[in-house]
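Trainee: Next up is a structure, given as structure tokens.
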Amino acid sequence: MSADNLTSQDRENEARNQIIQRLRDELEKDAKEVDFKYDFSRDPEILFCCKVERVPPYFDGSKSLTGTHVGDVVQVLKEHVGPHGMYHLCRLAVTTASDREGTGKDKIGWFPISHLSKINDGYVA
């Protein structure tokens, strides 16, 4: 590989990294502007369940549902929340399989709608 190609590749990588950082900054800004109030003191109504089809890279915001894996089933508690309504408020209920961190607690947070597939209405996780 020539020095010109390496330099060109370095410039492309730097431009890509700058775009990714700008997107992260925008998401963080949006997240701070969006109200994340939710009454966790009551048992929320489950609207429906979804299967996690993909886990987005760099998905670790303070409102994000973290610790999910492809194939996990989440309970949707509120639809179209967060920036541009692109997320559902979901709960990952504690089971032996889902409690990979050993917390013993359900996890609740936003998850991208585009990474979920709705499960049959009769299914309850």
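Trainee: Given H placed 1.01 Å from N in the peptide plane, which residues other than close sequence neighbours of TRP110 have an amide H under 5 Å from its amide H?
Mentor: Amide H neighbours of TRP110, under 5 Å, 5+ apart: SER64, LEU65, CYS90.
Trainee: Compute, for LEU47, the solvent-accessible surface of its heavy atoms (probe 1.4 Å) with the complete set of protein chains present, and express it in square angstrom to the nearest 10.
Mentor: Roll a 1.4 Å probe over it and LEU47 shows about 80 Å².
Trainee: Report the label-to-label distance for LYS51 and VAL94 in nanometres (one decimal), using points 7 Å from each Cα along the Cα→Cβ vector.
Mentor: 2.7 nm
Trainee: Rounded to whole Hz and in sequence order, give me ³J(HN,Hα) for region 69-85 from the Karplus expression 6.51 cos²θ - 1.76 cosθ + 1.60, θ = phi - 60°, writing x for Gly and Pro.
Mentor: Calculated HN-Hα couplings, in order: 9, 4, x, 4, 10, 10, 9, 8, 9, 8, 9, 6, 10, x, x, 6, x Hz.
The values are calculated or read from the model by the stated rules, or taken from the named source; none is laboratory data. The shown structure was predicted, so the numbers you read here are calculated from the model rather than taken from an experiment. Cβ atoms come from the backbone with ideal geometry, glycine included; neighbour counts cover every protein chain shown. Note: accessible area is taken over every heavy atom of the protein model, side chains too, but ligands, DNA and RNA are not part of it. Shrake-Rupley method; radii C 1.70, N 1.55, O 1.52, S 1.80 Å.
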